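Colleague: This is the structure I want to talk about, given as structure tokens.
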Amino acid sequence: MVARELLLRCGALALAAALYALPSLAEPAVYRIDATRTRAEFTVEHLGVFRAQGRFPNVSGRLLYDASAHAGSVDLEIPVDSVATGWDTRDDFIRGTSMFDASQYPRMRFRSTRFEFEGERLVRVDGDLTLRDVTRPVSLTVRKLECGRSADDKREGCVAEAAGAIRRREFAMDAWWPLIGDEVELRFHLIAVRE
């Protein structure tokens, strides 16, 4: 009986020592989206044959990423009044009440809910997109995600590209449909720097 208790205590002590010796789990790396080098782009069909393109500069937010744990999150904020299509009249229309209504709803937001990996590669980010105070689920296909140190300034950062699509009428933007298409293709080009 005494030998059994001694063995149990020694086993417990050995287990505790082994657990203490394990390295603590690392926190996911936190990256700040570089608003000066990050952009969101969109393409939408109009008049059934043409495709209008535009972009939003000054995207801000944060990326948390832990490749080894296959985990992370991304939060993006996009100022909709920054829309640029190369034609001021069209930009004013898009900012106006029949489309973005930028004076009342100045920001579009994306908040991830899940990262999906294939092997070691991040392939999809699911999340919620809020536009005009309407929130809908959106899936983005990740085309590229590379993290490491910059050759220029040795700062640690990530470069990412992702794409998806939304239906504008689901976000109370049904003006001029069907002359302006319902499906809007989205592309994100992100550059983030470690905090």
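The values are calculated or read from the model by the stated rules, or taken from the named source; none is laboratory data. Keep in mind that what you see is a predicted model, and the values were worked out from it rather than measured. Note that each Cβ is placed from the backbone with ideal geometry, even for glycine, and that neighbours are counted across all protein chains shown.
Colleague: Contact list please: Cβ distance under 6 Å, first residue in segment 170-195 and of a type in the set (Phe, Trp, Tyr), second residue surrounded by 14 or more Cβ atoms within 10 Å (Cβ to Cβ), pairs at least six apart or on different chains.
Modeller: Pairs that qualify, where the first residue is of a type in the set (Phe, Trp, Tyr) and the partner is surrounded by 14 or more Cβ atoms within 10 Å (Cβ to Cβ), are Phe171/Leu131; Phe171/Arg132; Phe188/Ala40; Phe188/Ala162.
Colleague: Now for a separate question. Select from segment 166-195 the residues that are surrounded by fewer than 16 Cβ atoms within 10 Å (Cβ to Cβ) and in contact with a His (Cβ under 9 Å, 6 or more places away or on another chain) and list them in ascending order.
Modeller: If the condition is that a residue be surrounded by fewer than 16 Cβ atoms within 10 Å (Cβ to Cβ) and in contact with a His (Cβ under 9 Å, 6 or more places away or on another chain), then Trp176, Leu179 are the ones that fit.
Colleague: When segment 105-129 is examined, which residues are found to be touching a residue at least 12 places away in the same chain (Cβ under 8 Å) and in a loop (DSSP other than H, G, I, E, B)?
Modeller: If the condition is that a residue be touching a residue at least 12 places away in the same chain (Cβ under 8 Å) and in a loop (DSSP other than H, G, I, E, B), then Tyr105, Pro106, Glu120 are the ones that fit.
Colleague: Since Gly127 meets every condition but one in (1) more than 30 Å from Gly48 (Cα to Cα); (2) of a type outside the set (Val, Ile, Thr); (3) surrounded by 14 or more Cβ atoms within 10 Å (Cβ to Cβ), which condition does it not meet?
Modeller: With respect to (1) more than 30 Å from Gly48 (Cα to Cα); (2) of a type outside the set (Val, Ile, Thr); (3) surrounded by 14 or more Cβ atoms within 10 Å (Cβ to Cβ), Gly127 is out only on (1).
Colleague: Residue under question is Thr141, and the condition is that it be surrounded by fewer than 15 Cβ atoms within 10 Å (Cβ to Cβ), in a strand (DSSP E or B) and modelled with pLDDT of 95 or more; does it hold?
Modeller: yes
Colleague: Right, something else. Of all residues in segment 148-188, how many are on the phi < 0 side of the Ramachandran plot and either among the basic types (Lys, Arg) or assigned to a loop (DSSP other than H, G, I, E, B) (or both)?
Modeller: So the count comes out to 16.
Colleague: Select from segment 69-94 the residues that are in contact (Cβ under 8 Å) with a residue 12 or more places away in the chain, among the hydroxyl-bearing types (Ser, Thr, Tyr) and more than 18 Å from Ala163 (Cα to Cα) and list them in ascending order.
Modeller: The answer is Ser82, Thr85.
Colleague: Hey, another quick one. Please work out if Thr43 is out of contact with any His (no Cβ under 9 Å at 6 or more places or on another chain), of a type in the set (Val, Ile, Thr) and free of Cβ contacts under 8 Å to residues at least 60 places away in the same chain.
Modeller: Criteria not met by Thr43.
Colleague: For segment 1-96, list the strands (runs of 3 or more DSSP E) that sit wholly inside it and hold at least 1 residues that are modelled with pLDDT under 90; which are they?
Modeller: 39-46, 50-57
One line per residue, one yes/no per condition, for (1) under 15 Å from Ala172 (Cα atoms); (2) under 10 Å from the mean Cα position of the chain (by Cα):
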{"site": "Gly96", "(1), (2)": "yes, no"}
{"site": "Gln104", "(1), (2)": "yes, no"}
{"site": "Arg111", "(1), (2)": "no, yes"}
{"site": "Val123", "(1), (2)": "no, no"}
{"site": "Gly148", "(1), (2)": "no, no"}
